[in-house]
Structures are given as structure tokens and as C-alpha cells.
Amino acid sequence: MIPAAFDYISPRTLDEAMHALAAHGEEAKLLAGGHSLLPLLKLRLANPKLLIDLGRIPGLSAISQQKNQIVVGALATHTQIESSELLKKRCPLLPETAREIGDVQVRNRGTIGGNLAHADPSADWPAAILALGGEMRVRGPRGERRLAAEEFFIGPLTTAIEPDEILTEIRVPAFMRRCGSAYLKMAQQASGFAIVGVAVALRVDATGRCEEIGIGVTGLGDKPFRARAVETRLRGNKLTPKLIAASAPQVAEGIDPLEDLHAAAPFRAHLARVYAARAIRAAARRTGGKSG
Ligand SMILES: Cc1cc2nc3c(=O)[nH]c(=O)nc-3n(C[C@H](O)[C@H](O)[C@H](O)COP(=O)(O)OP(=O)(O)OC[C@H]3O[C@@H](n4cnc5c(N)ncnc54)[C@H](O)[C@@H]3O)c2cc1C
């Protein structure tokens, strides 16, 4: 399939990209790895007059630590994140999630920013970024905005980014002592997208009590979400197998599960309950403490 004709520019600075985006409005589309955008162009579901390639803007793919925050540039590829030594030590949930995405080609080209901005309800990154309580930074003609992960995802393929804004970086807390995390999913066999995926990031105190926990869920509803009811039940308590088994089923409460050719709604809800329990147990074990 061949896309409709479009113009292409490759700005060398973020300001240049922002000006082009502001000047062309809805007629322009940002291009990152192209792994979601190009199929849409080929299917003619998107017909932009102009593609603004972000790939040659220096610094947009950097991964660093600033004080107690990890900063991941929007143009960082899944492979870069998977292989980052800094992230393996200071935020292992990110490399673990990256490893779960698609195949080698997809991981080599796809970017975390493109994945989040595209907001596919079955994408992997939203679960991890929600679990970590991440923050997205977007830049536009009105300056920079900081969006908490929970306010970022609005619905299927819809985020809080305005049409004239660019997602520049994602910030998550660096792991400290007694932190643990896990990302588990059932993948569609053809694409690797999550039928259901659950990410957990938690911290326990010296006695093994859960001080903080974030649980991000993808694939279950029409947008990724934090399983607040489960988090509330676990916070302040020892993560015993009994408590985890009693709390995890609440992950699907209040959610209208998606239903498609890959999985019926009740099966998706069942998967979410099973994967939530497993991911919480795995994250708790990785704190170095004891758990079922
Ligand atoms: C065969 C296949 C298998 C895949 N499997 C998985 C999987 O298992 N799990 C998973 O999570 N994903 C999967 N993906 C998606 C892949 O991970 C890509 O990361 C994702 O498609 C989007 O990233 P991209 O960099 O390619 O973005 P693009 O396709 O370039 O852009 C996607 C959208 O985001 C916008 N955009 C891009 N960058 C920015 C920015 N910085 N600011 C604002 N808007 C921006 C674009 O304008 C476009 O609308 C798969 C894709 C394919 C083709």
C-alpha cells in the first residue's frame, strides 16, 4: 500500500520543529520511529500534508539521571532503553518493559515517546510509566508543560498533548533501596502487543511493609490506568501471599474490559487478575524481602 503524497522536513532543533508544527497545524504530523504512523499513512487512515521528522534533533534520545530522577528522551528507542546500564541499575522496570515489545526491528526503530504519544490501549510503555508515577514533559508555543502519567492518557489513541506540542522527555523516580518492580503480560502472538499487561513498582520498609506501590495496567480497558483500589489495599501492609491473592482481583473493578478477536472481555479480566497477582509477587521478591 502506498501513502498519499506528503512533504517531508527534518529540523535540526526543537524550536524549528515547533515552528513548523505551529505553522501547519492539523496538516502536519510528527515522525519518530514511524512504526505506528507509517502503517496509518499506508492505510490512508492519516493523510498529513507534512511529516516533521524528529530524528535529527540532537539530545532528544538521551537517557540520564538528574538527582533522584531518571530522564528518558522521547526519541530513545526501545533497544536503547533495554540496553541502558544506567536503567538496569536505577530503574530496571524500564529495560524489562522494553524487552517485551514487539521484535528486534520494532525495538530498534520504535521510540518511547512515539509509543506514549500514539496511546494504543494495548501498548506496553503506558503500564510501566503509570506504575512508576512518571511525568511527561511537552513543549509548545506556550512553553513547557508537565503532565502526570495519569492525566496524560485520555482515551484510545488520545493523549493530553495539544496538536502544536511535542513530547520531549519522560521522567520517573530512580530506584532506591528496597525497591522492586516487574512487568508481565500476555502478548498477542503476531505483533507482541499486550492482550493484558501489568506493571508494578513498589518499595518496602525495613520490616517488609509496603511503603509505596504503583500498579499500571494496559490492554484491559480503552485506556491504560492505575489500579488504585489494589494499591490502597496493599500500601502500609506486609505483602503476604494471602493479602496479594485477596487484593489482586480488584484490578478489574470498575473497568469495562475490551473485547476483540484476541480475547473476550471476561478472559481479559481474568488475565488481569492473574497477572496482577504474579507481578506484585515478583516485584515484592525483587525488593530482597520475603513474599509468596
Ligand atoms: C509489528 C509491530 C509490533 C509492535 N509490537 C509492539 C508491542 O509489543 N508493544 C508495544 O507497546 N508497541 C508495539 N509496537 C509499536 C512500537 O512499539 C512503536 O513504538 C510505536 O508504534 C510508536 O513509536 P514510533 O517511534 O514508531 O512512533 P511513530 O510511529 O513515529 O509516531 C506515532 C504517533 O506519535 C506521534 N509522535 C511521535 N513522537 C512524538 C513526540 N515526541 N511528541 C508528540 N507526538 C509524537 C506521531 O505524530 C504519531 O502520531 C509494534 C509496532 C509494530 C509495527
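Please treat every number below as a calculation from the coordinates, not as lab data. No experiment lies behind these values; they were computed from the predicted model shown. Cβ placement follows ideal geometry from the backbone for every residue including glycine, while neighbour counts extend to all protein chains displayed.
Tabulated data
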read-out	value
The chain, helix-only ellipticity at 222 nm - DSSP H runs n ≥ 4, -39,500 (n - 2.57), divided by all residues, nearest 500	-8500 deg cm²/dmol
Segment 122-148 residues near the modelled residue 22 label - backbone nitrogen below 16 Å, point 7 Å along Cα→Cβ	138-145
Where trypsin sites (Lys or Arg not before Pro) fall in DSSP loop in segment 36-132, at most 10 other Cβ within 10 Å	67
Helix axis angle, 265-285 relative to the chain longest principal axis, alpha carbon, degrees	70
Under-5 Å amide H pairs with residue 212, H placed in peptide plane, nonlocal only	203
Likely footprinting exposure, 1, 18, fewest C-beta neighbours within 10 Å first	1, 18
Distance in nm between pseudo-label sites at residue 66 and residue 256 (7 Å out along the Cβ direction from Cα)	4.0
Distance between segment 17-31 and segment 44-75 - C-alpha centres, whole angstrom	15
Within a Gaussian network of the chain (alpha carbon springs, distance under 10 Å), most fluctuating of 140, 180, 59	59
Among 178, 142, 235, residue whose mean-square fluctuation peaks in a GNM of the chain (springs only between Cα atoms under 10 Å)	142
Additional length obtainable on full extension of the chain from residue 270 to residue 49, 0.36 nm per residue less Cα span	75.2 nm
